[in-house]
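See below for the structure under consideration.
Read the figures in this text as sums done on the coordinates, not as results from a lab. This one's a predicted model, so the numbers in the text were calculated from it and none came from an experiment. Neighbour counts run over all protein chains shown; Cβ positions are idealised from the backbone, glycine included.
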Amino acid sequence: MITVIQPGLYTTVQDRGRFGFYGVGFPPSGSMDLYSSAVANILVGNPANAAVLETTFVGPTLEFERNGRIAVTGATADITIDGVSIQPWTIVEIKKGQVLAFGGISAGVRNYLAISGGIGVQPVMGSRSTYVASNLGGVEGRALLPGDRLEVLADSESRTNRNRFEIPEYLRVSPMPHHVIRIVPGLCNYLLDPQSQQLLTAETFTVSTEANRTGYRLTGHQLSFIEREQPFGAGSDPSNVVNLGYPVGSLQAPSGTELICLMRDAVTGGGYATLATVISVDLDILAQMKFPETVLFETISMEAALQLRAERGKRLQSLVELIDAVT
Amino acid sequence: MPEIHEIAAPFPGVFYRRAAPGSAPLAEPEQVIAVGHVIALVEVMKMFHEVQSAVAGRITEFCAEDGDAVAMGQIIAKIESQS
């Protein structure tokens, strides 16, 4: 068991996500920065679908009631055990009775804390991920509160004496104040007028303070839509279309005033034009960005996006093999 | 020697000196506070974070107004500790 002394700003249980229910309106949820989350699980020897804790800006203070291994990845943060600093992106032993505390972050937004065995909340529809909008998954479908007690599953890792292993610098995420974020064209991108289509990838956009697991609002430029008679069933705003399914990572621009990127807890369909989709690999990067950081969108092909996703999978697999080889 | 401790906003958000509109401020300038005293709130996306003092001492100054947008790392208060 782990006792939550301080929950942090918004700390939730997440795994890789809840799949198979998108068509009936359930977004996948799951870790916003899937890469960091996966690396944390790999470090402690957990299965890939083990549940971790995801923090937001201010992480929790947790008391451990049994020995185990932990790994913290993601944002750059000050982390201590009983007041002594520990390193991120590595395997750390924690003993019964010790207190893990997150201090301030200096880059990024979200930390991932994996614990050997994984967090043992009850799976809902095949996933332990917290989806607060529907109050399901995680701890009672909500962010952690003081006094919560988290069950930790039995450690499946046979080698309990994993040596210290640090993720090399080039395999860590490094959140920066500006990133190029790659997109593929959206189903409705033809509804943007030519100048706005060009503007979308020529100018930088700023991450606003309205950015969470549901969506990221990005400001800076007014986008214009082509003039047309709105089809039957579509709303009256030029950014409206007849309802359609939204991909995760979809970029939309209600009334053209700002962009909204749909994140992992977002609505799964609706009546706004889907202008572009942030590729899955770069959603991880966007998930570590905050106000007033900036992005420049770059259009790539679907083939290139799938190639990048496959490469990320290979990178994670090579990490598993690397750790197995040295520990 | 008195020492000035600066308290910074932990994330970008809105700075509040009151727990609710119309209620008394959580702390006042010149007030002497203990470690862990909640001096203000910072809010982002309806998530409220209690800003606590890591030191005991006297609040010399608030560096932001109630309702101001603050950047991450922006100094929001100064506390003079007696040590």
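Looking at the square roots a ≥ b ≥ c of the eigenvalues of the Cα gyration tensor of the stretch B:2-82, which shape do they give, rounded for a/c under 1.5, prolate if a/b is larger than b/c, or oblate? In terms of gyration-tensor shape, prolate. Between A:Asn67 and A:Lys96, the built amide H atoms are under 5 Å apart, and every one of these is 5 or more places off in sequence or on another chain. Counting other Cβ atoms within 10 Å, keep those with at most 15, restrict to DSSP loop, and tell me which GluC sites (Glu not before Pro) in the stretch A:252-327 are left. Counting only loop positions with at most 15 other Cβ atoms within 10 Å, none of the GluC sites (Glu not before Pro) in the stretch A:252-327 qualifies.
Test of the criteria: in the stretch B:4-83, which GluC sites (Glu not before Pro) are in a DSSP loop and have at most 13 other Cβ atoms within 10 angstrom of their Cβ? Walk me through the numbers on the way to the answer.
Details: sites: B:Glu6, B:Glu30, B:Glu43, B:Glu50, B:Glu61, B:Glu65, B:Glu80; in loops: B:Glu30, B:Glu65.
Passing both the DSSP loop test and the Cβ count: B:Glu30, B:Glu65.
At most 11 other C-beta atoms within 10 Å and a DSSP loop state: those are the exposed trypsin sites (Lys or Arg not before Pro) I care about. Give me the longest piece of chain A that has none. The segment A:229-327 is the longest one with no such site. One chain, two ends: A:Val24 and A:Leu145. Fully extended at 0.36 nm per residue, the span grows by 40.6 nm beyond their Cα-Cα distance. At full extension, A:Arg309 and A:Gln222 could sit 28.2 nm farther apart than now, given 0.36 nm per residue minus the alpha carbon distance. Annotation: aspartates and glutamates with alpha-carbon distance below 15 angstrom to A:Lys95 (same-chain offsets under eight excluded): A:Glu63, A:Glu65, A:Asp82, A:Asp155. Between the stretch A:239-311 and the stretch A:93-134, how far is it from one alpha carbon centroid to the other, in angstrom? Here the answer is 26 Å between Cα centres.
In order along the stretch A:118-131, phi translates into HN-Hα couplings of x, 5, x, 5, 5, x, 10, 6, x, 8, 8, 4, 7, 10 Hz, rounded to whole numbers, per the Karplus curve 6.51 cos²θ - 1.76 cosθ + 1.60 with θ = phi - 60° and x for Gly and Pro.
Shown in residue order for the stretch A:15-29 are the 3J(HN,Hα) couplings computed by the Karplus curve 6.51 cos²θ - 1.76 cosθ + 1.60 at θ = phi - 60°: 10, 6, x, 10, 10, x, 10, 4, x, 9, x, 9, x, x, 6 Hz (x for Gly and Pro).
The long axis of helix A:34-44 is offset from the longest Cα principal axis of chain A by roughly 10 degrees. Between A:Gln317 and A:Asp237, the modelled labels are 4.3 nm apart [label points 7 Å from Cα along Cα→Cβ].
Run through the stretch A:179-259 and list the chymotrypsin sites (Phe, Trp or Tyr not before Pro) located in a DSSP loop whose Cβ has at most 14 other Cβ atoms within 10 Å.
Numbers: sites: A:Tyr190, A:Phe205, A:Tyr216, A:Phe225, A:Phe232; in loops: A:Phe232.
For chymotrypsin sites (Phe, Trp or Tyr not before Pro) across the stretch A:179-259 that sit outside H, G, I, E and B with at most 14 neighbouring Cβ atoms in 10 Å, the list reads A:Phe232.
Between A:Met289 and any residue 5 or more places off or on another chain, the built amide H atoms are never under 5 Å apart.
Straight-distance candidates among the lysines for linking to B:Lys46, with alpha-carbon spacing under 28 Å and chain neighbours fewer than 8 residues away dropped: A:Lys290, B:Lys78. Rounded, prolate or oblate: which one fits the stretch A:2-173, using the alpha carbon gyration tensor with axes a ≥ b ≥ c (rounded when a/c is under 1.5, else prolate when a/b beats b/c, else oblate)? Note, shape of the stretch A:2-173 comes out rounded. Per-residue 3J(HN,Hα) values for the stretch A:255-266, derived from phi via the Karplus relation 6.51 cos²θ - 1.76 cosθ + 1.60 with θ = phi - 60°, read 6, x, 6, 7, 8, 10, 9, 6, 9, 6, 10, 7 Hz in sequence order (x marks Gly and Pro). Other residues lying with their Cβ under 15 Å from the Cβ of B:Tyr16 contribute a combined charge of -3, Lys and Arg counting +1, Asp and Glu -1.
Work out the FRET efficiency for A:Met125 and B:Ala8 from their Cβ-Cβ distance, taking R0 = 51 Å, and round it to the nearest 0.05. Between A:Met125 and B:Ala8 the formula returns 0.80.
Under the classification rounded if a/c is under 1.5, otherwise prolate if a/b is larger than b/c and oblate if not, where does the protein assembly as shown fall, given a ≥ b ≥ c as square roots of the Cα gyration tensor eigenvalues? Here the protein assembly as shown falls in the oblate category. Given springs between every Cα pair under 10 Å in a Gaussian network model of chain A, which of A:Val248, A:Val184, A:Val124 has the largest fluctuation? In this elastic network of chain A, the residue with the biggest mean-square fluctuation among A:Val248, A:Val184, A:Val124 is A:Val124.
The distance linking the stretch A:208-229 with the stretch B:58-83 is 33 Å (Cα centroid to Cα centroid, whole angstrom).
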